[in-house]
1. Can you tell me the relative contact order of the chain? Whole percent, Cα pairs under 8 Å, sequence separation 6 or more.
2. Under a straight-distance cross-link criterion of Cα-Cα below 29 Å, which lysines are reachable from Lys209, leaving out those fewer than 8 residues away in the same chain?
3. Rounded to the nearest 5, what is the percent of antiparallel bridges among the DSSP beta bridges in the chain?
4. Which value, to two decimals, describes the C-alpha radius of gyration of the chain once divided by 2.2 N^0.38 Å?
5. How would you order 9-22, 45-58, 222-235 from highest to lowest mean count of nearby Cβ atoms within 10 Å?
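Read the figures in this text as sums done on the coordinates, not as results from a lab. Just so you know, these numbers come straight off a predicted model, no measurement behind them. Positions of Cβ are generated from backbone atoms using ideal geometry, with glycine treated the same way; all protein chains shown enter the neighbour counts.
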Amino acid sequence: PWQDVKSEMIGEKGLIPEIADQIGEYVQLNGGLDLIEKLLQDPKLSQNKQSLEGLKDMKTLFQYLALFGVKSQISFDLSLARGLDYYTGVIFEAVLQNKEPQDQQKKDSEEEAANVGSVAGGGRYDGLVGMFDPKGRKVPCVGLSIGIERLFSIMELKAEASEEKIRTTETQVLVATAQKELLEERLKLISELWGAGIKAEMLYKKNPKLLNQLQYCEDTGIPFVAIIGEQELKDGVVKLRVVATREEVNISRMELVEHIKKMTSGC
């Protein structure tokens, strides 16, 4: 809140209240191109060369944002400040915004996520890279840092609210067996799937229990299981299981690749 900032400026920084109030007139403003046009007409700012150059740059920026169709997602916030002194131009932060929640539980989680604050920030710096150039040449740059931990926190909250299963692998199909001594058959089938560009894997135990293989799919979010056993090998089919519904269907070995590709097109 501005009152807390003002108290710090007066009590800790030693500014007189009148100066703090003048600063407060500006740092509480935020908006878009209309605000920039208004500030360009401000008698105090228009007499300051740096302020005038900065506002003209912001006006150009917002004109470009309008051309890209993203102007409504950007706010010119005069209270924004970065903690490093090498910035020479525009600075920015990316802040999470809530969408309309569908229910109270999601609303609570969305609000909790929103309290995380900004998730990225950066700005323009023309002199930093040149410090490491023997000739001291200017190298204009724009840098951005992303708050990975904050993004993970938001993702976890959203996942808890939606109760959706988070996939920890891109694997589309697990090749499994229901009987022992079928390692070679699993290797043959997984090789066929890999050759067709299907993301498949198998448990690398020689004789894994079927229940353990199915549980592995549940834990990692693998959507389909291709099960082979002695009867399937005899009949020339593969039993394809949908993990989410536990529905199973026998598919001809010759048609298996095409069938899996159709079922995994959205995975």
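1. Details: 320 pairs, mean separation 28.3, N = 267.
In percent, rounded to a whole number, it is 11.
2. Straight-distance partners of Lys209: Lys165, Lys180, Lys188, Lys199, Lys234, Lys239, Lys261, Lys262.
3. Details: 23 of 30 bridges.
Within the chain, antiparallel bridges account for around 75 percent of the total.
4. Details: Rg = 29.6 Å, N = 267, 2.2 N^0.38 = 18.4 Å.
Scaled against compact globular proteins, the figure is 1.61.
5. Working: 9-22: 11.7, 45-58: 13.6, 222-235: 18.1.
The most tightly packed comes first, giving 222-235, 45-58, 9-22.
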